[in-house]
Amino acid sequence: ATCLLIALQPPDLPEAKLARILPSLLDVQLPLPLSECQYAFTRQGATRLAHAVRHPDLRQRIEALAQAGCNPARIVPPALAAWSQALAEIPPATDAEPRALFLCGAAQTLLVTGRGAALERQTVFKTDPAEFPKRLRLACGGLPDGLVCILAGPAHASAAEGLRAALGSDAARLTTARAPEFLLARSVAADAARAGGGSDAN
């Protein structure tokens, strides 16, 4: 809920120049000053995904982890990690297939949407069966043809209930991730393994 995800469409420039201008492009899009945030960029084809979090929110998360006995080398925003894992487990049928991933926690749900492999946006809302169809329509600008909804997280059954009741069986294809309660755990472990450190996936 504290992390902002912004898709940037930078000009076609050499990587060194791009690295210098990306913060300025992000600054224009952010609803708060860039100087108040920690941020990182991820490449997605020609698009750059920017993840930004306010310094106090990041500090609060690190303090909470320290109290739990953790000393993180890095903190991974869940939207991109979960989206990547869902792509691996349930590959899109086409490059333009509209997709929505619901990562449903007991209190709040992360909804990540995009087309094909491309992640476009995220939103976080209170886990409530009545909210799922409303938030899906808002995130997708309606219900696009061929929409695939992937359900995961400990409250995934609540999402299925809310979506089936409101949308019926024809508006979207609902599918549940493998071992849905553990999609995020698999996502973060896979992301950490790609980072290359021997103990990163611990």
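The values are calculated or read from the model by the stated rules, or taken from the named source; none is laboratory data. All figures in this text were calculated on a predicted structure; none of them were measured in a lab. Note that we place each Cβ from the backbone using ideal geometry, even for glycine, and neighbour counts take in every protein chain shown. Ligands, DNA and RNA are excluded from the accessible area calculation, which covers all protein heavy atoms including side chains. Shrake-Rupley method; radii C 1.70, N 1.55, O 1.52, S 1.80 Å.
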Item to check | For residue 96: the one exception among (1) within 11 Å of the chain's Cα centre (by Cα); (2) within 21 Å of residue 142 (Cβ to Cβ); (3) of a type in the set (A, V, I, L, M) | outcome: (1)
Checklist entry - Looking only at the stretch 136-159, which residues are touching a Cys at 6+ places or on another chain (Cβ under 9 Å) and open to solvent by less than 70 Å² (accessible area, probe 1.4 Å)? => result 136, 147, 151, 152, 153, 155, 156, 157, 158, 159
Item to check | Residue check for residue 74: of a type in the set (Lys, Arg), assigned to a loop (DSSP other than H, G, I, E, B), closer than 25 Å to residue 190 by Cα and open to solvent by 80 Å² or more (accessible area, probe 1.4 Å) | outcome: yes
Item to check | So residue 29, is it out of contact with any helix residue (DSSP H, G or I) (no Cβ under 8 Å at 6 or more places or on another chain) and over 18 Å from residue 173 (Cα atoms) | outcome: yes
Next on the checklist: Looking only at residues that are part of a helix (DSSP H, G or I) and touching a Lys or Arg at 6+ places or on another chain (Cβ under 9 Å) in the stretch 4-51, which one is farthest from residue 118 (Cα to Cα)?
Outcome noted: 36
